[in-house]
Structures are given as C-alpha cells and as structure tokens.
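Working notes for the structure below.
The values are calculated or read from the model by the stated rules, or taken from the named source; none is laboratory data. Predicted model only: the values in this text are computed from it and were never measured. No Cβ is skipped: glycine too gets one built from the backbone with ideal geometry, and neighbour counts run over all protein chains shown.
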Amino acid sequence: MRRARGRWRRRLLHIAVCVCVIVAVLAGVALIGNDFRFRLQHLQVLVGDESLEAVLTMPTGTPPRGLVVIIHGDGPIDADNDGLYFPWFEVAADAGYATLSWSKPGIAGSDGNWLDQSMEDRAAEVSAVIDWARGRASIPTERIVLWGASQAGWVLPKVAASRDDIAAVIALNPAINWLRQGRYHLLAELDHNSAGQAERDEAIRCSEQTRRLLKQKADYNTYRATTCDPEPLTEDRWRFAIRNYASDATDDLVAMGGEQVPVLLMLSTHDRHVDVSETAATYTSILGAKATVQYFDAAHTMARPAVEDSELLGLVIAVLWPRALMADNSLAAYRDYLEALP
C-alpha cells in the first residue's frame, strides 16, 4: 500500500510540474504576443457638447508621418475593439503612422448613443474628430488616412468627399447598398447552414416583411406586432434601421472620386456579410485606377476563417498571439500601402 501511495504521489507531482511548466510557457507566449510596437495614450475628444473616449497610438523611435483615423463597423465597439485593433495599430506605427480611434457614443464612457446615429451623423462625427485632431500640435495630421470596416463603407466616402485633407482611404469589406447587403447576408448564412427550401422560403418571406415595414417607417409597436423574425430587434435597433436602411454608397463614391482620393480595398474571399464582388465592381467602375483591390483568405472581419468559425480557437489566439487572428498578408498589405503613400 505504501509503495502504491508513493507511486501516486510521484505521478501527481509529475503532473503538477508539467502543468506548471505549460502554464509558465503559455504565460510567456501571451506576454510576448501582447507586447506591441507602439505607444498608447488615452484621450477625451470633445465633439460639440459630448465627450468621446479615445486612444492615440504613436510609433516608437521615429517621428510620425501621418495619422490614421479609425471608423468602426456595426455594433457597440470601444476604442481598441477589445484589443482586436492592436495589430492594426502596430503595423500602422511600423509604417510611421499614429492611429486615432474612439469608443462609439454610449460605449466605454463615451457620451450619447450610437444607435441614435444615421450614417450622416457618423460622418459628421468623424469630421469633427479630425478637426479636433488638427487643432493639436501633438497629433500628426500632415497626412490623414481613413481606415474603416464593414458599415464604415457608408461613412468613409462621405467624409472623404466632404474634405480636402484626406490622403487615402483603406476600406475593409465595405458594403454598397444596405438592403442588398442584408439580403446577401441572409442568403449566405442559409447556404452556410445548408438550409432546406422551406427554411429558405420562410426566411426570405420574413425579410420581405421587414423591408416593407422599414419602407413604411413603421413604429416599433407595429414592427413587434407584425414581425415574424425569430429574434426581433430591440427598439433602439429598430430606430437605427429606420434611419439607415436606405443607405447606398454609390453617390458618395462618385463625389469622393472627384477628390481623387486613393483607396485600398481589402476584401475577404469568405465574407458572408458583404457581397465583395459587388463592392469591387462598384469601387473600380467609379474610382478606376484610384482603387487598389486586394483579396485575402479571410472572413468578414479579416480574420482567418477558422478563427471566425470557432469562438474557442479565436479566444485562445486572441489571448496568446492576437496578430495571428488576422488573415495571411492582411496586416503586411496595410503596412505596405501606408509606407508607399507619398
């Protein structure tokens, strides 16, 4: 019995040592993986009567040559997107650029409510933040580059068309038309989930009903009383949809084309949210040679498809080595484009 107990003690000790070694190794990897090449400071940006919580990242060791202004996609996003923007901040710093990003209204201490905004409101907010930055000698605004993803596709061209100080635009999977984008996303998800014909027909019927209610600008009570959506929108979200369902980037892209602003269009080959074929065709037909189109083996967020399809895998990589979340060559393409700007 004593020998048996001794063997078990040795085994448990061996297991404990192995666990400690693994934990120490993972902790070391996480420390290295989350050590980014930029300096970060927290700021408060005053826009009218409201304050936005912001972060400003700066290159280390070299004077910055310009400023990247971040325009978020959909959702309640804070200034660094829970750290998911850090790899983008880092490669911008490597290219000599500072980056300015802020929490959406109502998120992480920012005043207001982002669901009260139209795309015009969002564009006005971006422009006001740029004006605020230009009034501060500590922020490098010699070159101003707009970086935006997804829903930002309805904001980027509005800002670029309304100003004469935008050096370039980087757009990640921007949509063109709100309603067409919604239908594309619906059908892509049905295909991804191998939905049967009856399920497809019902989903399309519900989508058509929602479109009719949007075009009627139905109040929330009417929407809730008549919707067949299995997950109805909240009242704030419904009002947000009413404000923005008619969004279409085409006219703003034409206006932006008049400003001769170069665009890097970064598109994902596994995007189930945005029809990137329509996006590429629209941008190139309007902007011509000013639009540089690059495709990546990525999901909508520019993450590797395996990461987006597995929350657990995404969490592990995000904790240990956030840069590895991004699709191959996506960060390098962004850095190279910034470095090549005149």
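Residues in the stretch 213-231: is at least one under 19 Å from ASP275 (Cβ atoms) and at pLDDT 95 or above? The answer is no; no qualifying residue exists. Residues in the stretch 162-197 that are touching a strand residue (DSSP E or B) at 6+ places or on another chain (Cβ under 6 Å), buried (at least 20 other Cβ atoms within 10 Å of the Cβ) and closer than 30 Å to GLY135 by Cβ: ILE166, ALA168, VAL169, ILE170, ALA171, LEU172.
Among residues belonging to the stretch 315-337 that are assigned to a helix (DSSP H, G or I) and at pLDDT 90 or above, point out the one that is surrounded by the fewest Cβ atoms within 10 Å (Cβ to Cβ). Result: ALA332.
Scanning the stretch 62-77 for residues that are over 22 Å from GLU339 (Cα atoms) and either surrounded by fewer than 20 Cβ atoms within 10 Å (Cβ to Cβ) or not assigned by TED's automatic domain parsing to the domain that holds ALA327 (or both) turns up ASP74, GLY75, PRO76. In a residue-by-residue description of the stretch 188-211, the property of being closer than 30 Å to ASP336 by Cα and within 22 Å of the chain's Cα centre (by Cα) applies to no position. Among the conditions (1) among the small types (Gly, Ala, Ser); (2) under 14 Å from the mean Cα position of the chain (by Cα); (3) surrounded by 21 or more Cβ atoms within 10 Å (Cβ to Cβ), the only one that GLY83 does not satisfy is (3).
Residues that are charged (D, E, K, R) and under 18 Å from SER103 (Cβ atoms) were ranked within the stretch 9-62; the one that is modelled with the highest pLDDT is GLU53. Residues that are assigned by TED's automatic domain parsing to the domain that holds ALA92 and not in a strand (DSSP E or B) do occur in the stretch 165-173. Among the numbered conditions (1) without any contact (Cβ under 8 Å) to a residue 60 or more places away in the chain; (2) out of contact with any Cys (no Cβ under 8 Å at 6 or more places or on another chain); (3) assigned to a helix (DSSP H, G or I), the only one that CYS206 does not meet is (2). Let me spell it out: the conditions are (1) in a helix (DSSP H, G or I); (2) surrounded by 22 or more Cβ atoms within 10 Å (Cβ to Cβ); (3) touching a Gly at 6+ places or on another chain (Cβ under 8 Å), and LEU115 meets all of them except one. Which number is the exception? In the conditions (1) in a helix (DSSP H, G or I); (2) surrounded by 22 or more Cβ atoms within 10 Å (Cβ to Cβ); (3) touching a Gly at 6+ places or on another chain (Cβ under 8 Å), LEU115 misses (2) alone. Go through the residues of the stretch 214-236 one by one and say whether even a single one is of a type in the set (Ser, Thr, Tyr), in contact with an Asp or Glu (Cβ under 6 Å, 6 or more places away or on another chain) and closer than 24 Å to ILE204 by Cβ. Looking for residues that are of a type in the set (Ser, Thr, Tyr), in contact with an Asp or Glu (Cβ under 6 Å, 6 or more places away or on another chain) and closer than 24 Å to ILE204 by Cβ, one finds at least one in the stretch 214-236, hence yes.
Here SER127 fulfils each of the conditions (1) polar (S, T, N, Q); (2) in contact with a strand residue (DSSP E or B) (Cβ under 8 Å, 6 or more places away or on another chain); (3) surrounded by fewer than 22 Cβ atoms within 10 Å (Cβ to Cβ) apart from (2).
Residue pairs whose Cβ atoms lie under 8 Å apart, separated by 6 or more positions or on different chains, with the first residue in the stretch 253-266 and outside the structural domain of ALA160 (by TED's automatic domain parsing) and under 12 Å from LEU156 (Cβ atoms) and the second in a loop (DSSP other than H, G, I, E, B) and modelled with pLDDT under 95, do not occur.
Residue by residue, here is whether (1) assigned to a loop (DSSP other than H, G, I, E, B); (2) under 20 Å from the mean Cα position of the chain (by Cα); (3) surrounded by fewer than 17 Cβ atoms within 10 Å (Cβ to Cβ) holds:
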residue	(1), (2), (3)
PHE36	yes, yes, no
LEU46	no, no, yes
THR60	yes, no, yes
PHE89	no, yes, no
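When the residues of the stretch 130-142 are filtered to those that are in contact (Cβ under 8 Å) with a residue 12 or more places away in the chain and assigned to a loop (DSSP other than H, G, I, E, B), which remaining residue is surrounded by the most Cβ atoms within 10 Å (Cβ to Cβ)? Only one residue tops the list, namely PRO140.
Restricting attention to the stretch 123-150, the residues being in contact with a helix residue (DSSP H, G or I) (Cβ under 8 Å, 6 or more places away or on another chain) and not β-branched (Val, Ile, Thr) number 5.
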